[in-house]
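To keep things clear, I will list the structure first and then write my remarks on it.
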Amino acid sequence: MKFMTTWSAKPETLREAVGRFLAGQGMPAAGVTLLGRWHSADLSGGFSLSESDNPSAVYETAAVWADLLDLKTTLVVEDADAGPVLAKVFSK
């Protein structure tokens, strides 16, 4: 399963969040593969794409940062998987 996580920095914790990231603490929990991460140019936040078959590991990854960032993680489906489902559901 693929998960898209968006985050925004809490203004009062930006410096601490940057410190953690630069110290190498930005990697996901065991069982989660980070596919990519992007940062907004204005430092307000960003998003990452990860993959895991273990929702608890995805939850753990978010929990580590919840004190510093506002996070939203969504299960996402690729076009190749979505197409057949949409054809089935909407072709009725």
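Give the residues of segment 1-45 whose amide nitrogen is closer than 11 Å to a point set 7 Å from the Cα of Asp81 in the direction of its Cβ. In segment 1-45, the label zone of Asp81 (backbone N under 11 Å from the point 7 Å along Cα→Cβ) covers 1-4. Of the options [x] 15.5, 53; [y] 13.1, 40; [z] 15.0, 53, only one is Rg and Dmax of the Cα atoms in Å as computed from these coordinates, and that is [x]. Per-atom-type breakdown for the chain gives carbon and sulfur 61% of the accessible area (1.4 Å probe, protein chains only). Net charge dipole, the chain: roughly 140 debye, given to the nearest 20, about the Cα centre with Cβ charges of +1 for Lys and Arg and -1 for Asp and Glu.
Between 0 and 90 degrees, the angle of helix 55-65 with respect to the longest Cα principal axis of the chain falls at about 30 degrees.
For the chain, the solvent-accessible area of protein heavy atoms averages 70 Å² per residue (probe radius 1.4 Å; ligands and nucleic acids excluded).
Would you compute, from DSSP H runs of 4+ residues alone, the mean residue ellipticity of the chain at 222 nm, taking -39500 (n - 2.57) per run and dividing by the full residue count, rounded to the nearest 500? My calculation for the chain gives -10500 deg cm²/dmol from helical runs alone.
Along the charge dipole of segment 1-80, which of Leu71, Leu49, Pro11 sits closest to the positive end, that is, farthest toward it, with unit charges on the beta carbon of Lys, Arg, Asp and Glu (+1, +1, -1, -1)? Farthest along the dipole direction, towards plus: Pro11. What angle do you read, to the nearest 10 degrees and between 0 and 90, between the alpha-carbon axis of helix 79-90 and the longest principal axis of the chain? In the chain, helix 79-90 runs at an angle near 50 degrees to the longest axis.
The values are calculated or read from the model by the stated rules, or taken from the named source; none is laboratory data. Bear in mind that the values here come from a model prediction, so they are computed numbers and not experimental data. A quick note on method: Cβ atoms are made from the backbone with ideal geometry, for glycine too, and the neighbour counts reach across all protein chains shown. Note: areas computed on protein heavy atoms with side chains; ligands, DNA, RNA excluded. Shrake-Rupley method; radii C 1.70, N 1.55, O 1.52, S 1.80 Å.
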